[in-house]
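Peer 1: Below is the structure I would like to discuss, written out as structure tokens.
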Amino acid sequence: MSSGQIFQIEKKNDNWIVEKKVELPAAPYATTLTKDKEFLIVTSHGLIKVNQDFEIETLIKEGFWRCIYTLIPFKLLEKIYT
């Protein structure tokens, strides 16, 4: 089983505060930030977008990379999905 999370980390009064924002449907392999400040994340199963409210939109449910390990050219993905 693969999984992942997004956390918000900030420093207040010399203390670090960590807050879990969202549980991802699969393990993240790579991510980039879109021009709309949304996360575009390649996961072990597909491609998702996470908006500023930490809502998840599945863009590709089962990616071809699930069985192979490769790097995706993010500039191409940004042009397709943003």
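The values are calculated or read from the model by the stated rules, or taken from the named source; none is laboratory data. No experiment lies behind these values; they were computed from the predicted model shown. Neighbour counts are summed over all protein chains in view; Cβ atoms, including those assigned to glycine, are modelled from backbone coordinates with ideal geometry.
Peer 1: State whether the residues of region 60-82 include one that is modelled with pLDDT of 90 or more and not β-branched (Val, Ile, Thr).
Peer 2: Of all residues in region 60-82, those modelled with pLDDT of 90 or more come to none.
Within region 60-82, not a single residue is modelled with pLDDT of 90 or more and not β-branched (Val, Ile, Thr).
This table checks each residue for (1) within 21 Å of Glu62 (Cα to Cα); (2) of a type outside the set (D, E, K, R); (3) in a strand (DSSP E or B).
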| position | (1), (2), (3) |
| --- | --- |
| Phe7 | no, yes, yes |
| Glu10 | no, no, yes |
| Trp16 | no, yes, yes |
| Glu19 | no, no, yes |
| Tyr29 | yes, yes, yes |
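Peer 1: Is at least one residue of region 27-47 more than 23 Å from Gln8 (Cα to Cα), out of contact with any His (no Cβ under 8 Å at 6 or more places or on another chain) and at pLDDT 90 or above?
Peer 2: Among the residues of region 27-47, not one is more than 23 Å from Gln8 (Cα to Cα), out of contact with any His (no Cβ under 8 Å at 6 or more places or on another chain) and at pLDDT 90 or above, which makes the answer no.
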